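We did not get these values from a lab; they are worked out from the coordinates using the rules stated. The shown structure was predicted, so the numbers you read here are calculated from the model rather than taken from an experiment. Neighbour counts run over all protein chains shown; Cβ positions are idealised from the backbone, glycine included.
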Amino acid sequence: MIKFFRHIRQSHIMKNQTGKYLKYAIGEIVLVVIGILIALQINNWNEHLKKEKLKVSYKTSLKNDLCLDTLMLGKLIVENYKIMNTLESQQNRFLGPESPIDTLIKIAKNEFEPELNTRFKYNRNTFNTLVASGNIDLFSKDFNEMLMSLIALQDIERENSKYYTEVYSSKVSRYSDIFPVSKRNYSTIFNSVWNNLDEKKLASSFISLTDIKGFAHYSFANEIENVKKATITILKQMDSIK
């Protein structure tokens, strides 16, 4: 087509038909401009398709991360309430009005589990990649605000759980210096410690220890329940993302 216009233009120049030459020259320019606009439009369309494909990929990956978090949080909630129920049952046994000190000693020596189950790491690989690459702008402002709020809630939970763990770890460490918490009934030395102890000191220390452990588990379970609810809310929101 361009060769055709060029041929006509040269023909009119040779015939000294300046007016017609200008019309065809303008027509040729218009044709080139239209071609450029079409090329730009196609390029923009291709870029849009690339962004949409990238958005779908990030959405799928982010959804998988949040689903994994939800499953793990649910599992931790169940485990922590199970531990709290066991601990409450033990306290009811040794704190009953007619409970002998032997009951407390038996529980402290043979049944008490000193471990605090608050270990957890959120799946943030997709979120971190979105932020580092700047592709988080692929999603709407409202969705990003919800996502950022969830991340902030996760950080608060981790910080608080770290505090509960440190308080309890300090307490159980001091307790175990006097009353061994590792179950080694086969050991003569282990048994000698438990056979020659200050019963009142054990009772006071163990009651305090179980109270702190129960509070730590309750606080952790309560916080991760809030995180789980917020995560489920975002997952529902993601279903409406186009």
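A few notes on this one:
- Order of Tyr218, Tyr163, Tyr168 - criterion: other Cβ atoms within 10 Å of each residue's Cβ, fewest first: Tyr163, Tyr218, Tyr168
- Straight-line cross-link reach from Lys228 at under 19 Å between alpha-carbon atoms covers these aspartates and glutamates, not counting any fewer than eight positions away in the same chain: Asp65, Asp69, Glu79, Glu145, Asp155, Glu157, Glu159, Asp239.
- Cα-Cα over 29 Å, subset of Lys75/Lys171; Lys82/Lys109; Lys141/Lys162; Lys55/Lys229; Lys121/Lys171; Lys82/Lys121: Lys141/Lys162
- Exposure proxy for Lys63, Lys162: other Cβ atoms within 10 Å of each Cβ, ordered fewest to most, give Lys162, Lys63.
- Paramagnetic reach from Ser182 in segment 80-119 [backbone N under 18 Å; point 7 Å along Cα→Cβ]: 109-116
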